[in-house]
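All remarks here apply to the structure that follows.
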Amino acid sequence: MPRTAAQQQLALELQVKLFNARFIPGDSILYIPEPGLPPEWDRLYSHARLEGNAIVVELAGRTGAVPIRTIHTMPIETTHVRAPQNDAPSGSSLLPSCAALRRQPL
């Protein structure tokens with residue numbers, strides 16, 4: 001069953017909201033302009049928005065908007081980036097106090 005224009009518009013708006021919930025301006029992304037071309041690292045410059053029937057975003061290293069289908073991220077497993085582990089008990093500091101630093105000879 002074909003979608004109505006209102007249903008298509010709602011679907012596009014949902015995709016914009018999902019993209020903007022996942023990415024914020026300043027995030028590093030991989031831009032792949034066309035299949036088969038090498039990916040290029042770039043940063044998001046704007047939130048996603050609708051332009052006609054296309055969802056687009058601006059990149060820091062490009063002039064003009066690009067479709068969000070060209071924006072990709074590396075899986076966390078391949079980037080080896082992990083959230084910092086904080087095993088210190090809550091309320092304790094990993095740094096010595098200022099008083100302890102003052103007592104040490106220079």
Mind giving me the nanometre distance, one decimal, between the label points for Leu10 and Glu51, set 7 Å out from Cα along Cα→Cβ? 2.7
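For the range 1-69, with every protein chain kept in place, what is the accessible area per residue (1.4 Å probe, Å²)?
Values: 4910 Å² over 69 residues.
Accessible surface, normalised per residue, equals 71 Å².
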Estimated inter-spin distance, Arg3 and Arg69, nm [label 7 Å along Cα→Cβ]: 1.3
Applying the Karplus parametrisation 6.51 cos²θ - 1.76 cosθ + 1.60 with θ = phi - 60° to the phi angles of the range 18-24, what ³J(HN,Hα) value in whole Hz is obtained for each residue in order, glycine and proline being reported as x? 5, 4, 5, 6, 8, 10, 10
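The values are calculated or read from the model by the stated rules, or taken from the named source; none is laboratory data. Just so it is clear, the model here is predicted, and its values are computed rather than measured. Here Cβ is always computed from backbone atoms with ideal geometry, including for glycine, and neighbour counts include all displayed protein chains. Surface accessibility is based on the protein's heavy atoms, side chains included, excluding ligands, DNA and RNA. Shrake-Rupley method; radii C 1.70, N 1.55, O 1.52, S 1.80 Å.
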